[in-house]
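Let me begin by presenting the structure, written as structure tokens, before commenting on it.
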Amino acid sequence: MKKVRDHYFKKAKSEGYPARSVYKLKEAQARYGFLKRGMRVLDIGACPGAWTKFASQSVGRSGHVVAVDLNPLSVSLPNCTFIKRDIFDLQPDELLPGGCPGFHAVLSDMAPKTTGRRDVDHLRQVALADRALDIATMVLYPGGALFCKVFQGEDFPQFRRRCSQVFKKVSVFKPKSSRSESVEIFLFCR
Ligand SMILES: C[S@@+](CC[C@H](N)C(=O)[O-])C[C@H]1O[C@@H](n2cnc3c(N)ncnc32)[C@H](O)[C@@H]1O
């Protein structure tokens, strides 16, 4: 497994991304092709900024990315607004700056600081995914997409059901670049 981590880690470094996580989003983009030029994208749990950078490149100068995290980004991008906040303290209207009417896609790679207790980490992470779903429901255009990380465990089926109540199609996606022993999985919802 270490070899795989090193491969993606080195690749990210050589391609100018601050984290290997970028390949999870790149794989999703290769599968679903949901990020397009001119789009407005909300990236929640964005630090250090690998997804933000890839989203920013995908939407181009005519698009815009709003990135939110508790911690600052390590990238500076021309078409990106960064909001340093806890997602639970942020109201949806604060995410729509300058009369921005909504987003075409919401990304959430949020994860809590892990405690090592699988049940506790699971519940905390699902609470973050739930919040991402609530925000997406409020800020997405009709036809918009949510790509959201969630930890597998007891509450995963309930979270998936919630997504199915809001979106027409919900697909479970485990990128190759996500370590097989990791409990993380992604839902692509449209
Ligand atoms: C796995 S990292 C994200 C990596 C990022 N997608 C990238 O590619 O660079 C998870 C992030 O979720 C953020 N996070 C956790 N809880 C949060 C909260 N309540 N509000 C905002 N961000 C949160 C953490 O600060 C952390 O930076």
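Here, each number is a calculation from the coordinates, and none is a lab measurement. What you see is a predicted model; the values in this text were computed from it and never measured. Using ideal geometry, Cβ is built from the backbone for each residue, glycine included, and neighbour counts are taken over all protein chains shown.
Structure notes:
- Net charge of neighbours whose Cβ lies under 15 Å from the Cβ of residue 95, counting Lys and Arg as +1 and Asp and Glu as -1: -3
- Segment residue 100-residue 6, extension gain: residue separation times 0.36 nm, minus the distance between their alpha carbons: 29.9 nm
- Share, in percent, of DSSP beta bridges within the range 2-189 that are antiparallel, nearest 5: 35
- Proximal lysines to residue 176, defined as alpha-carbon separation beneath 27 angstrom and excluding residues fewer than eight positions away on the same chain: 2, 3, 10, 11, 13, 24, 26, 36, 53, 113, 149, 168
- Computed magnitude of the charge dipole of the chain (debye, nearest 20; Cβ of K, R +1, Cβ of D, E -1): 920
- Per-peptide average of other Cβ atoms within 10 Å, ordering 64-77, 151-164 highest first: 64-77, 151-164
- Spacing of the two label points (7 Å from each Cα toward its C-beta) at residue 117 and residue 84, in nm: 3.1
- Centroid-to-centroid separation of the range 100-154 and the range 1-58 [C-alpha atoms, Å]: 17
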